[in-house]
1. Just one of the numbered conditions (1) out of contact with any helix residue (DSSP H, G or I) (no Cβ under 9 Å at 6 or more places or on another chain); (2) buried (at least 18 other Cβ atoms within 10 Å of the Cβ) is not true of residue 448; which one?
2. Which of the helices (runs of 4 or more DSSP H) found entirely inside the range 367-436 contain at least 1 residues meeting this: in contact with a strand residue (DSSP E or B) (Cβ under 8 Å, 6 or more places away or on another chain) and assigned by TED's automatic domain parsing to the domain that holds residue 233?
3. Taking the range 54-66, which residues are closer than 20 Å to residue 267 by Cα and either assigned to a helix (DSSP H, G or I) or free of Cβ contacts under 8 Å to residues at least 24 places away in the same chain (or both)?
4. Specify which of the listed residues (181, 176, 171) is surrounded by 15 or more Cβ atoms within 10 Å (Cβ to Cβ), within 30 Å of residue 69 (Cα to Cα), out of contact with any helix residue (DSSP H, G or I) (no Cβ under 6 Å at 6 or more places or on another chain) and in the same structural domain as residue 62 (by TED's automatic domain parsing).
5. Can you name every residue in the range 473-494 that is touching a helix residue (DSSP H, G or I) at 6+ places or on another chain (Cβ under 7 Å) and assigned to a helix (DSSP H, G or I)?
6. Report yes if some residue within the range 155-170 is at pLDDT below 95 and within 16 Å of residue 452 (Cα to Cα); otherwise report no.
7. Go through (1) surrounded by 21 or more Cβ atoms within 10 Å (Cβ to Cβ); (2) touching a residue at least 60 places away in the same chain (Cβ under 8 Å); (3) not assigned by TED's automatic domain parsing to the domain that holds residue 342 and name the single condition residue 225 misses.
8. Kindly check whether there is at least one residue in the range 306-324 that is touching a helix residue (DSSP H, G or I) at 6+ places or on another chain (Cβ under 7 Å) and under 26 Å from residue 157 (Cβ atoms).
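The values are calculated or read from the model by the stated rules, or taken from the named source; none is laboratory data. Given the structure is predicted, the values throughout are model-derived calculations rather than measurements. Positions of Cβ are generated from backbone atoms using ideal geometry, with glycine treated the same way; all protein chains shown enter the neighbour counts.
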């Protein structure tokens, strides 16, 4: 028997998660549903500068966003990867870049040959074998064209942008597609007495807003999924020690050439004694934050560390965010779906926060409920969400576990802690032969990502024994050819700031 469709969707909370949800549902559901979003101007959003991964381009394309208009509206810049400073050891840095690394020789990947030859000398750091990583090092950027050949065709990119401006941009788009916005603070959630589903939410002024499907974008509070429906939270603080962050914007360094130099096409993550600091360059300012563990560092020390390590003048007082690393036990419960921070929090080390919002919305569309809210669809949604969070969690934990640092109690704990079996097995396979196999098509991070991070973090690994079939002089020539071609293409790109000035320079705020 055909299941009839629901008719009304109520989104609780605005910000990035709420307006991304409203924008995509209003676009792809063809105007067949009444969509309402409730938010309060009195409730602040985190609203820091955001770094993304390349999948954000797919989301924007689904919305038919014009890239130039989007970048101008959000003070956006381009991102080729992430530089990790002081993670392996103090003074060391490496880049986790997007895009392909080198070219394969037979069925073997470039890193296998590099692992054999680098200890022998005459081979450069691994950053020199991917166009994304070397262009980032040289502060250069260029878009690939449809007719480009390798290595240019293997390049990929994402964005840095102001999250509050992105939400504002999507709000305008959503309201033009007849999403109704209600301003107000929710004081009560009313459940149906017969089945415990959410019936309505009540605002301070007494207005009740009903709905068939409720989407909880209320942030870490989890107003619907947690407080009203009582879904518990799985805490991962024993692996991910950080539970607080301070965020502050600062000015670019100087003017002219100084701004050009600081407008890097990559995010920077700088490890400190008991946490790490992000640096996200936008056109109008730089977003900064210090993520840290309150068990190892006081709030005052954390704020002081952040302010001492800014490029330019702080443009506001540092704002603290407290969080619990982990996830909801179920993201879809009864007639409520948690999207964004209400469903879980993983620190922004690999820029996955917006991506988890994106995949949560797309998963909802793929398993969109009828009036019956079939338990099998809900179970599949929850299983996919659970796998995704654990997959990303393992990748983040690897940055802390694989390190030479144990110079503070924080780093000593992380280096020697027990880790999930799923991650331990993957690391041991890398140690054995630097091999990688995807366990599921749903895994977010590909071989290039794992290779760059585990090499960069200093994992002691052997190369694939099949590499020894190739004479060393042939391997040396092969690696030198890759290095020279990558260097030539990187040097042929414009400076990142110059590209932005020509392509998408934003008007002053």
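1. Condition not satisfied by residue 448: (1).
2. Details: elements: 375-401, 409-416, 421-433.
Fully inside the range 367-436 and qualifying: 375-401.
3. 56, 57
4. Every option except 181 fails the conditions.
5. Residues of the range 473-494 that are touching a helix residue (DSSP H, G or I) at 6+ places or on another chain (Cβ under 7 Å), as a first pass: 475-476, 478-479, 482-483, 486-487, 489-490, 493.
Within the range 473-494, 475, 476, 478, 479, 482, 483, 486, 487, 489, 490 meet the criteria.
6. Within the range 155-170 (the criterion being at pLDDT below 95 and within 16 Å of residue 452 (Cα to Cα)), the answer is yes, since at least one residue qualifies.
7. (3)
8. yes
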